[in-house]
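Peer 1: Would you mind keeping the following structure in view while I ask a few things?
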Amino acid sequence: MKSKLKQKQNQRITRITNMTLVVGTDIAKKTHVAQAVDFRGIELG
């Protein structure tokens, strides 16, 4: 990974707090799938 991209990713990671909810969506499948994960990495749904 290039240094500039890695630095940007690290900056985003440091902004994660206990109020952060991360949502990922897979739109490449016929049926779209989403997952929510809290700041500790615990899957919420």
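Each value in this text was obtained by applying a stated rule to the coordinates, not by laboratory testing. None of these values were measured; they are calculated from a predicted model. Cβ sites come from the backbone with ideal geometry, for glycine too, and all protein chains shown count toward neighbours.
Peer 1: Using Cβ counts within 10 Å as a stand-in for footprinting exposure, how do Val37, Val23 rank, fewest first?
Peer 2: Val23, Val37
Peer 1: Another question, then. Have a look at Gln9, Gly41, Val22 and report the one farthest towards the positive end of the charge dipole of the chain, computed about the Cα centre with Cβ charges (Lys/Arg +1, Asp/Glu -1).
Peer 2: Gln9
Peer 1: Next question. Which whole-number percentage describes the relative contact order of the chain, with Cα contacts under 8 Å and a sequence gap of 6 or more?
Peer 2: Across the chain, relative contact order equals 28 percent.
Peer 1: In whole angstrom, and with the biggest value first, how far do the Cα coordinates of the chain range along each principal axis?
Peer 2: For the chain, the Cα extents along the three principal axes come out at 35, 26, 11 Å.
Peer 1: Among the trypsin sites (Lys or Arg not before Pro) in the chain, which ones are in a DSSP loop with at most 14 other Cβ atoms within 10 Å of the Cβ? Mind listing them?
Peer 2: Sparse-neighbourhood loop trypsin sites (Lys or Arg not before Pro): Lys2, Arg15, Lys29, Lys30, Arg40.
Peer 1: Output ³J(HN,Hα) for the range 24-35: one whole-Hz value per residue in order, computed from phi by the Karplus curve 6.51 cos²θ - 1.76 cosθ + 1.60 with θ = phi - 60°, and x for Gly and Pro.
Peer 2: x, 10, 9, 9, 7, 8, 5, 9, 6, 10, 10, 9
Peer 1: Rounded to the nearest 500 deg cm²/dmol, what is the calculated helix-only ellipticity per residue at 222 nm for the chain, with -39500 (n - 2.57) per DSSP H run of length n ≥ 4?
Peer 2: -8500 deg cm²/dmol
Peer 1: Using the number of other C-beta atoms within 10 angstrom as an exposure proxy, rank Asp26, Asp38 with the fewest first.
Peer 2: Listing Asp26, Asp38 from fewest to most nearby Cβ atoms yields Asp26, Asp38.
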